[in-house]
Amino acid sequence: MRLALRLFIPLVFCAGLVAQGDIYRRGLAEQPIRSDGISYHVYLPSIVLHGSPRLWATADDQYGGAYPEHTGILRWTNTSWWLNPHPIGVAVLMLPFFLIAHALTLWSNLPPDGFSLYYQVAATVGGLTYGVAGLAILSRVLQRHFADGVVVAALVATTFGTNYFHYLTFDATFSHACAFFLVACLLWITERWWSSPTPARTITLGLVVGALFLVRHSHLLLILIPALYRPSDLWTRRASISAAGLVALLVALPQLAIYKAVTGAWIVSPYSLLPATMTFWSPEIAGILVTLPKGLFFWSPVLLASVAGVFLLRDQARAFRWSSVAVFLLLTWLVGSWYDWQFGGSYGHRGFTDVLPLLALPMAAAFDRLRQASRPIHAAGVALISAAVALSLFQMVQYWNGLIPFQNTTWSDYSEIFLRWP
């Protein structure tokens, strides 16, 4: 098990590279920077290549003066700046990969426009790299609480029993791999900050929280993870909490400055120009959790182990119990209240992909209890978990090949393609 744990991360990275190569070699997807990936990416060519966060030069060079409607990037009336519904966090994290791609592009004489071959490869490999780094950090967190065999099982189930591998490969230029990485970092620093709030750990906590805000503003609810770890001691840590909050604010400042330049206000909804509405008092719950078209537990039944595991967390891992429950319930409410509660096209429901590291802890607790069960129960549990992971992988390949619809999957659609090989 120790050898399997050491090999798991490099094997996932290699499998991801092979999968990405096969996806684009066979034309299963368009170029990597597409759909939401465009709006996450455009900051890089706009700022690095054109020297302006206004996004106008990229719009002119790539899209004839106006961004595609599906990006949601629209011009603010009073300032003529483009308002991007997606913040700058992914672009900040992807900057090293972009610079490498730019150097290779200049060396090869390809168009240095931010979208030619090397930029495309760098974007998808960068997403894979951050996603695998998140798994490595999650592994360190899990190892503090569980035996190696349990950690391996939890990592396999999280990577392949959910839609996570899909967002390491097919849609690696979306935000989910980067967000997964940051949530894993938050779990890691939360434990260490509460054990000893050194200045370095306080700064790191603020950096991670600020980066999560930059990737997706709704990730601010994840401050519940450190807050609920030892809530009775929050007041005694108020100085360190204030310092971490100041660091987070400094990290968020560039995004707030962009909003100020675009709209004249420091704080604004990035969806202001879109017909986006929230239905807080009538959220869609069944469709995002248990039924088609996007039910979380329908497409990733292995996550039912996380639900059971909440009650099985023991010792120091119990400190994550209430944050697991609170974050999952609040996220369910927010996702279900969003006007497009399907979150557009996706394999499974991508509204929960970012918090999979948090769900991995109670999942591991359930696996740990199963390890201690009688032989028949253990065998039955392993068989069910293996079947759930295999089904998720199989259906992911179906989605890649177009058998599972991009969105709005019906029971008729599902029954027709169930277990059909592409």
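Since every read-out is calculated from the coordinates, none of them should be taken as a lab result. Nothing here was measured: the structure is a model prediction, and the numbers come from that model. FYI the Cβ positions are ideal-geometry reconstructions off the backbone, even for glycines, and counts take in every protein chain you see.
What the table below lists for this structure:
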read-out: Residue 173 being more than 30 Å from residue 386 (Cβ to Cβ) and among the hydroxyl-bearing types (Ser, Thr, Tyr); value: yes
read-out: In segment 40-56, the residues that are part of a helix (DSSP H, G or I), in contact with a helix residue (DSSP H, G or I) (Cβ under 6 Å, 6 or more places away or on another chain) and either among the hydroxyl-bearing types (Ser, Thr, Tyr) or over 17 Å from residue 105 (Cβ atoms) (or both); value: 40, 43, 46
read-out: Count of residues meeting criterion [within 16 Å of residue 42 (Cβ to Cβ), in a helix (DSSP H, G or I) and not aliphatic (A, V, I, L, M)] in segment 107-123; value: 2
read-out: Odd one out for residue 410, checked against (1) within 26 Å of residue 179 (Cα to Cα); (2) touching a residue at least 60 places away in the same chain (Cβ under 8 Å); value: (1)
read-out: Members of segment 193-239 that are closer than 20 Å to residue 356 by Cα and not aliphatic (A, V, I, L, M); value: 210, 213, 216, 217, 218, 219, 226, 229
read-out: Subset of segment 202-223 that is under 22 Å from residue 178 (Cβ atoms) and in contact with a Phe, Trp or Tyr (Cβ under 8 Å, 6 or more places away or on another chain) - its residue that is surrounded by the most Cβ atoms within 10 Å (Cβ to Cβ); value: 205
read-out: Residue 172 being at negative phi, in contact with a Pro (Cβ under 8 Å, 6 or more places away or on another chain) and either crowded, with 22+ Cβ neighbours inside 10 Å or not in a helix (DSSP H, G or I) (or both); value: yes
read-out: Tally of residues being surrounded by 12 or more Cβ atoms within 10 Å (Cβ to Cβ) and over 22 Å from residue 388 (Cβ atoms) across segment 407-421; value: 1
read-out: Segment 55-111: number of residues that are within 23 Å of residue 265 (Cα to Cα), under 26 Å from the mean Cα position of the chain (by Cα) and touching a residue at least 60 places away in the same chain (Cβ under 8 Å); value: 12
